[in-house]
Amino acid sequence: MMKLIGTVLLISAGAVWGVGRSLELRERVSLLTQLEVLLQWLMTEISYSARPLPELIRASDSPFCRAAVKEHGFCTDPCGALAEAGAKLLHDEKDRGLFRDFAAGLGASGTEGQLGHLRLCMTRARQHLTEAREACHERSRLYIGLGVLFGLGVWVIVL
């Protein structure tokens, strides 16, 4: 009976590890999708409204903007707070670099310059999103399967 319980626990632990890795991949896709929506929203708002950047960040429903508003230095440096929020939410180093570049260019030039910068960031974000979707599609089941196989492997070794 104890061997059966141990077997179930080992296989379950491996499966949980695999599901956790799969959820990380899905979270990356979700965050990059929300970044794409934020970029599009900012392009529209900058084009058609004359609101200052801190007000735009406060008005956004993006998780990046919500986290930036909660940052300590938001009132004095909204772009820095936005960059810090992105660094906390995004786990992939390439995605962090993209977000850091995006935040650094906000408010750094006139309307046309910002729109050009946002278009460039949008292109890069779409590339990252495509990569993330492909990785999620290819690796989600793989991680779950590897987790189960790892649990079975440990079970065989323990026997």
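The values are calculated or read from the model by the stated rules, or taken from the named source; none is laboratory data. Since this is a predicted model, take the numbers as computed values, not measurements. Note: ideal-geometry Cβ built from the backbone for every residue, glycine included; neighbour counts use all protein chains shown. What goes into the accessible areas is simple: the full protein's heavy atoms, side chains included, and nothing from ligands, DNA or RNA. Shrake-Rupley method; radii C 1.70, N 1.55, O 1.52, S 1.80 Å.
List of remarks:
- More than 16 angstrom apart: percent of Cα pairs within segment 58-131: 51
- Charge tally around Val37: other residues with Cβ under 14 Å, Lys/Arg +1 each, Asp/Glu -1 each, net -1.
- Mean projected area in nm² (Cα convex hull; one quarter of hull surface) for segment 1-107: 8.5
- For the chain, a simple Cβ point-charge model (Lys and Arg +1, Asp and Glu -1, everything else neutral) yields a dipole of about 460 debye relative to the Cα centre.
- Taking all protein chains together and a 1.4 Å probe, the residues His128, His137 rank His137, His128 from largest to smallest accessible area.
- Under the simplified labelling scheme, the Leu53-His72 pair shows an inter-label distance of 2.1 nm, with each label point 7 Å from Cα along Cα→Cβ.
- With all protein chains kept in place, the per residue accessible area of the chain amounts to 59 square angstrom at a probe of 1.4 angstrom.
- Every Cα-Cα pair of segment 53-93 was included, and the share exceeding 13 Å stands at 42 percent.
- Exposure of Trp17 as accessible area (Å², to 10), given a probe of 1.4 Å and all protein chains: 130
- FRET efficiency estimate (nearest 0.05) - Cβ-Cβ, His91 to Leu4, R0 30 angstrom: 0.20
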